[in-house]
Amino acid sequence: MVQDSARQAPSVTPATPARALLPSVLPALAVGVVSSLLLVGVEAAAEELQGVLWRTVPDALGVGRYSVAWMFVMLVATGVAVGLVVWKVPGHAGPDPATVGLDAPVLPPVVLPGLLLATALMLAGGPSLGPENPIIAVNVGLAVWLGGRALPRAPGRIWPALAEAATIGALFGTPVAAALVISEVLARQETRGLLWDNLFPPLTAAAAGALTATLVDHPSFDLDLPSFGRPGWGDLSAAVLVAAAGALLGMGAVRAFPYVHAAFRRLRHPMLMLPAGGAVLGALAALGGHLTLFKGLDEIAELAHDPDGRSAGEFAVLTVVKLAALLVAASCGFRGGRIFPAVFVGTALGLCAHALVSGVHPAVGVSAGVLGVLLAITRQGWISLFVAAVLVASPGIITLLCVASLPAWLLVTGRPQMQLRPDGTPVR
């Protein structure tokens, strides 16, 4: 009887005592602050260079800042500049970016300067990629290198987790995004102890990174769309349909990714692949205009400023061109991440749905479009929900997105991701 009761007693996961967690606070804070400052510094330097390349120089030459000719010249020139870094700088700016996701490999210190330089040039030059993947990789490499020397007795696996969480917190201006990403990673691993005990060090780093970025750079993702009140049945139907459309559209790009990547790889040399990619991006910019350039965060604010200012056809062109630009930039060797341009694609898709059917509220269309596209591109459920929700400052949107995420997830789960193995086959 006693043995049966013992078998039926619920197992209790032991909590980690506070004295075991406290030593991680100072390293986590240090990694958070340094990682955030590096991200803000690279983005600030890229913005200054962007101002020179896209305002000062064309004004001095008497050409249009975003004329077709200047966009083509700048994108090809950016391909040449990044190609030179990949070719000549020690470390070759890291591994093929098509093989890297948010979970960055630990790179040796010699690789990091070239990767930073290639990222800054890309951000300033106009290709449709964001800073997240390479900056996470640089911060992980720095944290492992410096942390291992400062605290040699600390577990080596803690430094990548701290750096990744800190950078994600700084990117989105809140530690919530980092906590969601880390919780997904922990769910795939065999971890011991309570979830919050395992989250404590990376969440501390993420909070430090987010607070530092907020104080220094004041990031904001709210698009200031028309206010959305209480959701109705029509809003639910719109959210489900737009999210599913976004997922299918994103999966189209994911399916094409290994083939486009293989086409550029046949050129074999970075001084051929990257300028060729720049030329294709220049042609796409001629089709889509200047809003399809760069990582897309400032551009989605311009789109959302006037949801009724363009026709459905114009929004559709922006959606398709930006997605094609993301696909090309990620395939030809530019160092960058895929989250921010995917947000632009989802935003344009949602506004296209609003232009087609006036009953689709802009906030519902944008958030659902971003959710679907991000689910297909990143395969990160929590980060997709978070980014989609944070674009629209309305509590009522969260329930719609949670429901809309379910059929959209069924469309993407188990299928290839927008990330490749070193042999060129897609990761599933």
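No lab work stands behind these numbers, since they all come straight from the coordinates. Here the structure is a predicted model, which means the values were calculated and not measured. Cβ: placed from backbone, ideal geometry, glycine included. Neighbour counts: every protein chain shown.
Tabulated data
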read-out	value
Whether segment 24-217 is rounded, prolate or oblate, judged on the alpha carbon gyration tensor where a/c under 1.5 counts as rounded	prolate
Peptide ranges 349-356, 271-278 listed from the most packed, as the mean C-beta count within 10 angstrom indicates	349-356, 271-278
Peptides 253-263, 47-57, 201-211 ordered by average Cβ neighbours within 10 Å, highest first	201-211, 253-263, 47-57
Segment 24-217, relative contact order [Cα under 8 Å, separation at least 6], %	30
Computed E for Ala279/Val25 - FRET, C-beta separation, R0 41 angstrom, nearest 0.05	0.25
Difference of contour (0.36 nm per residue) and Cα-Cα distance, Val68 to Leu272	71.2 nm
Label assignment, Cα extents along the principal axes in Å derived from the structure, set (1) 85, 57, 42; (2) 65, 47, 46; (3) 78, 68, 42	(1)
Ala312-Arg153 pseudo-label distance in nm [points 7 Å out on the Cα-to-Cβ vector]	6.7
Fully extended contour minus Cα-Cα distance, from Val427 to Thr56, at 0.36 nm per residue	129.3 nm
Calculated P(r) tail over 14 Å for segment 41-110, as whole % of Cα pairs	72
Mean Cβ count within 10 Å, highest first, over the residues of peptides 89-100, 235-246	235-246, 89-100
Burial ordering of Leu375, Leu38, fewest other beta-carbon atoms within 10 Å first	Leu38, Leu375
